[in-house]
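The structure appears below as structure tokens.
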Amino acid sequence: MKKFENALNRVIGWVSVISYAGFFFIMLLTVVDVFVRFVFNSPILGSYEIIERVVFCAVFASFAYAQTQRSHIQISMLLLMFPRGLRHVCVAFTGLLSAVIALFMAYAAVVQGRTAFNAHYVTGVLRISLYPFYWVEAATMFAFFVTLLFDAVKSMVAIFDDEAAKEIQSTWN
């Protein structure tokens with residue numbers, strides 16, 4: 001299980017590069033746009049449109065990374081009041097529910113991407129094709145699904161295993 005977790009963390013690390021690069025690009029484009037608007041009184045054509053599409057990818061790409069870093073909000077104070085088994089049943093249930101929702105979102109992004117590809121959907125100003133952005137969303141949401149599913153399985157194991165329970169609970173603040 002540790003080997004799978006290490007491999008998953010490496011893959012999610014690569015997925016997070018999409019987020020890092022996206023947010024860096026957004027900052028850079030915004031600074032350049034403000035500069036040329038101020039100095040030359042001529043904004044970059046379609047900068048808002050570009051930022052809108054890049055933010056779409058960057059935000060979804062950050063979900064799985066945040067999950068591996070235990071950065072999502074948890075209500076662990078309430079969980080710590082329950083017996084150990086019930087704690088991990090609750091965490092496993094919410095993890096499975098979240099994983100199913102992430103899988104539905106990935107599927108919806110694939111459907112939307114296919115629709116955008118077949119109908120040749122493009123942005124209004126620069127005429128950028130929209131389908132690649134939906135496919136990036138689908139891939140990153142699938143990575144989020146796998147991460148959530150793995151954490152839910154770990155919580156199921158922690159119901160019966162003291163060592164696994166201690167490892168999971170060590171991330172609860």
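With the condition kept exactly as written, say whether any residue in region 69-80 is at pLDDT 90 or above and in contact with a helix residue (DSSP H, G or I) (Cβ under 7 Å, 6 or more places away or on another chain).
no
In region 63-79, what residues are within 16 Å of the chain's Cα centre (by Cα) and either more than 18 Å from Tyr20 (Cα to Cα) or not hydroxyl-bearing (Ser, Thr, Tyr) (or both)?
Phe63, Ala64, Ala66, Gln67, Gln69, Arg70, His72, Ile73
Among the residues of region 90-117, which ones are closer than 12 Å to Phe150 by Cα and touching a Phe, Trp or Tyr at 6+ places or on another chain (Cβ under 8 Å)?
Ala99 - this is the single residue of region 90-117 that is closer than 12 Å to Phe150 by Cα and touching a Phe, Trp or Tyr at 6+ places or on another chain (Cβ under 8 Å).
When the residues of region 84-117 are narrowed to those that are small (Gly, Ala, Ser) and surrounded by fewer than 18 Cβ atoms within 10 Å (Cβ to Cβ), which ends up modelled with the highest pLDDT?
Here the residue is Ala108.
So which of Phe145, Phe60, Phe160, Phe117 ends up being within 21 Å of Ala21 (Cα to Cα) and of a type in the set (Phe, Trp, Tyr)?
Going through Phe145, Phe60, Phe160, Phe117 in turn, the sole match is Phe60.
Quick check: anything in region 128-146 polar (S, T, N, Q), within 17 Å of Ala58 (Cα to Cα) and part of a helix (DSSP H, G or I)?
yes
So if I check each of Val55, Val11, which one is over 12 Å from Ala143 (Cβ atoms) and in a helix (DSSP H, G or I)?
Testing whether each residue is over 12 Å from Ala143 (Cβ atoms) and in a helix (DSSP H, G or I) leaves just Val55.
Take the conditions over 21 Å from Met141 (Cβ atoms) and free of Cβ contacts under 8 Å to residues at least 60 places away in the same chain and apply them to Ser98. Does it pass?
No: the conditions fail for Ser98.
Consider region 43-77. How many of its residues are touching a residue at least 60 places away in the same chain (Cβ under 8 Å), aliphatic (A, V, I, L, M) and more than 19 Å from Ile128 (Cα to Cα)?
Number of matching residues: 2.
The values are calculated or read from the model by the stated rules, or taken from the named source; none is laboratory data. Everything numeric here is computed off the predicted structure, so don't read it as measured data. Cβ sites come from the backbone with ideal geometry, for glycine too, and all protein chains shown count toward neighbours.
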